[in-house]
1. If I filter the range 82-109 down to residues being assigned to a helix (DSSP H, G or I), surrounded by 22 or more Cβ atoms within 10 Å (Cβ to Cβ) and within 15 Å of the chain's Cα centre (by Cα), which single residue comes out as nearest to the ligand (Cβ to nearest atom)?
2. Of the residues A45, A116, which single one is open to solvent by 20 Å² or more (accessible area, probe 1.4 Å) and in contact (Cβ under 8 Å) with a residue 60 or more places away in the chain?
3. So, in the range 137-151, exactly how many residues are near the ligand (Cβ under 7 Å from one of its atoms) and in a helix (DSSP H, G or I)?
4. Here are some conditions: (1) farther than 23 Å from H139 by Cβ; (2) touching a Leu at 6+ places or on another chain (Cβ under 7 Å). V188 meets all but one. Which one does it not meet?
5. If I ask for residues that are more than 28 Å from V119 (Cα to Cα) and either assigned to a loop (DSSP other than H, G, I, E, B) or open to solvent by 10 Å² or more (accessible area, probe 1.4 Å) (or both), which ones from the range 60-81 would you list?
6. Among the residues of the range 24-73 satisfying the criterion of being over 21 Å from S89 (Cβ atoms) and acidic (D, E), which is nearest to the ligand (Cβ to nearest atom)?
7. Look through the range 1-23, keep the residues that are open to solvent by 30 Å² or more (accessible area, probe 1.4 Å), more than 7 Å from the ligand (Cβ to nearest atom) and of a type in the set (V, I, T), and return whichever of them is modelled with the lowest pLDDT.
Amino acid sequence: MTTTDRDAIAILGGTGDQGLGLALRFAKAGRRVVIGSRKADRAVAAAEEVRQAVPDAEVSGHENSEAAVQAPIVILSVPFEHTAGTVKSIKEVLAEDQILVSMAVPLATAVGDGAARTVGIWQGSAAELVQSLVPAGVHVISAFQNVSAHRLRDLGEPVECDVVVSGKKAPRARIMELCQLIPGLRGVDGGPLANARIVEEMTALLIGMNMRYKLPEGLGIRFTGLPE
Ligand SMILES: NC(=O)c1ccc[n+]([C@@H]2O[C@H](COP(=O)([O-])OP(=O)(O)OC[C@H]3O[C@@H](n4cnc5c(N)ncnc54)[C@H](OP(=O)(O)O)[C@@H]3O)[C@@H](O)[C@H]2O)c1
């Protein structure tokens with residue numbers, strides 16, 4: 001990584017719903033975005049899609065491992081059931097002090113069950129599973145699980161959601177700052193990584209509520225009473 005890359009954000013699986021939404025928003029905020037995919041040509045096409053929506057975007061597309069080396073912050077945006085495999089495929093290229101953001105939710109769809117419930121993870125949460133797989137010195141942070149992809153991709157509107165950010169203190173603060181780049185998002189201090197267990201479960205609750213209230217664009221969450 002060069003010093004000019006210090007502000008870059010890599011998004012692995014940035015070709016999908018949530019990753020592309022984050023790519024659009026971070027590009028719009030003026031950050032360099034590096035989209036990763038298992039296939040470089042898909043990542044290049046996703047980067048072009050971002051450029052169409054945000055003409056001055058600084059964005060490029062690469063195979064996942066090539067994307068992961070280009071940014072100090074790497075966001076994992078693949079379905080839960082492919083998270084461990086994706087981490088294993090890139091872990092050799094991760095460097096000390098790099099931040100790996102986990103937003104996977106262990107929805108029961110991974111085992112053929114419904115989307116409004118989760119499955120148990122031996123390590124406690126998807127984020128802790130990711131932490132168990134990365135080399136020492138790589139900081140895993142849990143964030144963005146409760147943010148709707150639909151709302152991220154609607155660049156004309158603010159997202160209106162709190163993002164509970166969990167993990168070690170210094171990298172946690174950096175990801176909380178990152179949330180402020182997206183209009184309507186607010187990063188809130190979610191303490192240690194083990195709290196990802198609670199945050200990931202909340203997404204299943206939100207998905208069920210989206211169904212009951214017939215809100216395909218997705219609910220957001222807000223905490224009240226926090227200091228400004
Ligand atoms: N969608 C939401 O509203 C939402 C909200 C909150 C959190 N999340 C979380 O965000 C993450 C991404 O969700 P999503 O809805 O964006 O998922 P998605 O669109 O279904 O998939 C994202 C990307 O994952 C990659 N992928 C698919 N199969 C794979 C495999 N077998 N191995 C490795 N990579 C594979 C694909 O990228 P390539 O084919 O280009 O490699 C795909 O574009 C999930 O962990 C989800 O829990 C989603």
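The values are calculated or read from the model by the stated rules, or taken from the named source; none is laboratory data. Here the structure is a predicted model, which means the values were calculated and not measured. FYI the Cβ positions are ideal-geometry reconstructions off the backbone, even for glycines, and counts take in every protein chain you see. When the accessible area is computed, the model is the full protein with side chains, heavy atoms only, and any ligands, DNA or RNA have been set aside. Shrake-Rupley method; radii C 1.70, N 1.55, O 1.52, S 1.80 Å.
1. Result: T86.
2. Only one candidate qualifies: A116.
3. Selection size over the range 137-151: 2.
4. With respect to (1) farther than 23 Å from H139 by Cβ; (2) touching a Leu at 6+ places or on another chain (Cβ under 7 Å), V188 is out only on (1).
5. Result: S60, G61, H62, E63, S65, E66, V69, Q70, A71, P72.
6. Taking the candidates together, the pick is E49.
7. Once the filter is applied, the top-ranked residue is T3.
So that you can scan it fast, the table gives a plain yes or no per residue for (1) surrounded by 14 or more Cβ atoms within 10 Å (Cβ to Cβ); (2) within 17 Å of the chain's Cα centre (by Cα); (3) assigned to a helix (DSSP H, G or I):
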| position | (1), (2), (3) |
| --- | --- |
| V159 | yes, yes, no |
| I182 | yes, yes, no |
| R197 | yes, yes, yes |
| L205 | yes, no, yes |
| G218 | yes, yes, no |
